[in-house]
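Participant: Here you go, one structure.
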Amino acid sequence: MQLHQLRYLLALTASQFNVTEAAGRVYKSQPGVSRQLRLLEEELGVPLFERDGRQITGLTAAGQAVRDLAESALANVEAIRRVAQEFSAPGAGELSIATTHTQARYVLPPVIRAFRRQYPDLSLHLHQGSPTQIAELAASGAVDFAIATESLHLFEELVMLPCYRWNRAVVVPRGHPLESVSPLTLEAVAAWPILTYVFGFTDRSHINAAFQARGLTPRVALTATDADVIKTYIRLGLGVGILASMAYDESIDDDLAFLDAAHLFEPSVTKIGFRKGLYLRPCHYDFIHAFAGHLDRATVDRAIAAPTPEARAELFAGMTIRDY
């Protein structure tokens, strides 16, 4: 049994049993991946895959058990590499993060700038994607950390730690009639075409729920995953934006008014997560602490040791987290 065979098995399950896509994930040819999976089955002497003719459609019970053990085995192999790296080159290596555009563009820059001063020899890699992509990257071990707010049910396989609380702003061009509405109401906002995030990004569901609770159906004129794109179309006069309040950049947004809308929407909590069993080097603990000051090493270790997500939530129930 070879480690690369286990990697191919995990790639296949992550690709919904599309062998061509799995081969692309591991940068191998489709025939080569298929052959190695057949050799793995032959060596173990038990069918791992359900098949319809020559097409793999799922895992047998044995295949599911082997997949789970393969995940643990490959995580342990990676942990061994990290231990060796920590002793041979402390402060070097790589750290990878998957997150959304808003986090990468507006929240992470000062954190990464400070972290780079502490670890100048460490290579940082940022991956931007949808919540589903972010969760898959972290769960598969392709990245160290996932930073997300929305669709947290996708991250149940990860240890998720609360970092900060935030809310939204209604964004309009300077001189817009909404600037004179005090207090700002959802009814006033709903009178204009809405520009906001694609559903599933930046807790868009909180926006929808707020309007629905008031019996309002906003006219959504445009959605995008990128706050900067949305601001472009606000400037063109297509409507009013509902964005994360953190998406304000004082160096370029002086032509826009960010109207506080915290009283209109439920706040959201951004979390950082990593897969269970990940060996955390000191640089990992330091990055978590740099991103969320209340998450020191002892707190992170207690969260890892919590037996269930509910127990982990209870650990943080009485803890004060910052507002962004």
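Participant: Mind computing the radius of gyration and Dmax over the alpha-carbon atoms of the range 158-253? Å is fine for both.
Facilitator: 13.7, 45
Participant: So, one more: If you stretched the chain out fully between R38 and H153, how much longer would it get, using 0.36 nm times the residue separation minus the C-alpha to C-alpha distance? Before the final figure, lay out each step's value.
Facilitator: Details: separation 115, 0.36 × 115 = 41.40 nm, distance 3.40 nm.
Answer, rounded to one decimal: 38.0 nm.
Participant: Treating the beta-carbon of each Lys and Arg as +1 and of each Asp and Glu as -1, no other charges, what is the dipole magnitude of the chain about its Cα centre, to the nearest 20 debye? Before the final figure, lay out each step's value.
Facilitator: Values: 30 positive and 35 negative charges, 80 e Å.
So the magnitude is around 380 debye.
Participant: If you don't mind, another one. For the range 201-264, treating each Cα as an identical point scatterer without solvent, what Debye log10 I(q)/I(0) comes out at q = 0.17, 0.28 1/Å?
Facilitator: Debye output, listed in q order: -0.64, -1.51.
Participant: Not counting the cut sites, what is the longest span of the chain without GluC sites (Glu not before Pro) that DSSP labels loop and that have at most 16 other Cβ atoms within 10 Å?
Facilitator: Longest run free of exposed loop sites: 1-155.
Participant: Hey, another quick one. Averaging the inverse of every distinct alpha carbon separation and then flipping it gives the Kirkwood radius. What is it for the range 23-68, in angstrom units? Kindly include the intermediate steps, with their values, before the conclusion.
Facilitator: Working: mean 1/r = 0.0889 Å⁻¹.
Radius from the Kirkwood sum: 11.2 Å.
Participant: Further question on the same structure: List every residue whose amide H lies under 5 Å from the amide H of S96, counting only residues 5 or more places away in sequence or on a different chain, with H placed 1.01 Å from N in the peptide plane.
Facilitator: H125, D144, F145
Participant: Evaluate the charge dipole of the range 121-242 about its Cα centre and quote only its size in Debye, nearest 20, assuming +1 on the Cβ of each Lys and Arg and -1 on the Cβ of each Asp and Glu. Mind dumping the intermediate values first?
Facilitator: Numbers: 8 positive and 11 negative charges, 145 e Å.
Dipole about the Cα centre, nearest 20: 700 debye.
Participant: Can you give the FRET efficiency for S251 and S15, using 1/(1 + (r/R0)^6), R0 = 56 Å, r = Cβ-Cβ distance, to the nearest 0.05?
Facilitator: The pair S251/S15 has a calculated efficiency of 0.85.
Participant: With a 1.4 Å probe and all protein chains in place, put T57, T99, T185 in order of accessible area, largest first. Don't skip to the end; give the middle numbers.
Facilitator: On the way: T57 75, T99 0, T185 50 Å².
These residues rank, largest area first, as T57, T185, T99.
Participant: Strictly greater than 21 Å: what percent of every Cα pair in the range 75-199 meets that? Display every interim value, and only then the final one.
Facilitator: Working: 4374 of 7750 pairs.
Taking all Cα-Cα pairs of the range 75-199, the fraction more than 21 Å apart is 56 percent.
Participant: Of L264, L216, A306, which is farthest on the positive side of the dipole of the range 158-315, counting Cα position, with +1 on Lys and Arg Cβ, -1 on Asp and Glu Cβ, and the Cα centre as origin?
Facilitator: Result: A306, furthest along the dipole toward the positive end.
Participant: Please work out how much length the chain gains when fully extended from D228 to Q55, using 0.36 nm per residue of separation minus the C-alpha to C-alpha distance, in nm with one decimal.
Facilitator: Values: separation 173, 0.36 × 173 = 62.28 nm, distance 4.37 nm.
Extra length from D228 to Q55 when fully extended: 57.9 nm.
Participant: Oh, and also: What nm value, rounded to one decimal, do you get for the distance between V46 and R165 when each label is placed 7 Å out toward the C-beta?
Facilitator: Between V46 and R165, the simple spin-label model gives 4.9 nm.
Participant: S245: accessible area at probe 1.4 Å, nearest 10 Å²?
Facilitator: Approximately 40 Å² for this residue.
Participant: Run through all the Cα pairs of the range 167-316 and give the fraction in each 5 Å bin from 0, expressed as whole percent.
Facilitator: Each 5 Å bin holds this share of Cα pairs: 2, 8, 16, 17, 14, 10, 9, 10, 8, 4, 1.
Participant: What number, rounded to the nearest 500 deg cm²/dmol, is the helix-based mean residue ellipticity at 222 nm of the chain, given -39500 (n - 2.57) per DSSP H run of at least four residues and division by all its residues? Intermediate values should be presented prior to the final figure.
Facilitator: Numbers: 12 runs with 136 residues, N = 324.
Result for the chain, helices only: -13000 deg cm²/dmol.
Participant: Between T223, T20, T100, where does the largest GNM mean-square fluctuation fall for the chain, given springs only between Cα atoms within less than 10 Å?
Facilitator: T20
Participant: Return the whole-Å distance between the Cα centroid of the range 227-261 and the Cα centroid of the range 267-324.
Facilitator: About 31 Å separates the Cα centre of the range 227-261 from the one of the range 267-324.
Participant: Can you work out the FRET efficiency for the pair R116 and Q30, with r the C-beta to C-beta distance and R0 = 35 Å, to the nearest 0.05?
Facilitator: Numbers: r = 40 Å, r/R0 = 1.14.
For R0 = 35 Å, the calculated efficiency reads 0.30.
Participant: What number, in nm² with one decimal, is the all-direction average of the projected area of the convex hull of the alpha-carbon atoms of the range 1-148? Kindly include the intermediate steps, with their values, before the conclusion.
Facilitator: On the way: hull surface 40.6 nm².
Mean shadow area of the hull around the Cα atoms is 10.1 nm².
Participant: Something else about it: Working with all protein chains in place, sort L195, L264 by solvent-accessible area computed with a 1.4 Å probe, largest first. Intermediate values should be presented prior to the final figure.
Facilitator: On the way: L195 0, L264 30 Å².
Most to least solvent-accessible, the answer reads L264, L195.
Participant: Could you give me D for the range 240-324, from Stokes-Einstein at 10 °C and 1.306 mPa s, where the hydrodynamic radius is the Kirkwood radius over C-alpha pairs? Units µm² s⁻¹, please.
Facilitator: Numbers: Rh = 15.8 Å.
The Stokes-Einstein estimate is 101 µm²/s.
Participant: With all protein chains present and a 1.4 Å probe, how do W192, W166 order by accessible area, largest first? All intermediate terms of the calculation are to be shown ahead of the outcome.
Facilitator: Values: W192 85, W166 5 Å².
Ranking W192, W166 by accessible area, largest first, yields W192, W166.
The values are calculated or read from the model by the stated rules, or taken from the named source; none is laboratory data. Please read these numbers as outputs of a predicted model, since none were measured by experiment. Glycine gets a Cβ as well: all are built from the backbone with ideal geometry, and neighbour counts include every protein chain shown. Side chains included, ligands, DNA and RNA excluded: accessible areas come from the protein's heavy atoms. Shrake-Rupley method; radii C 1.70, N 1.55, O 1.52, S 1.80 Å.
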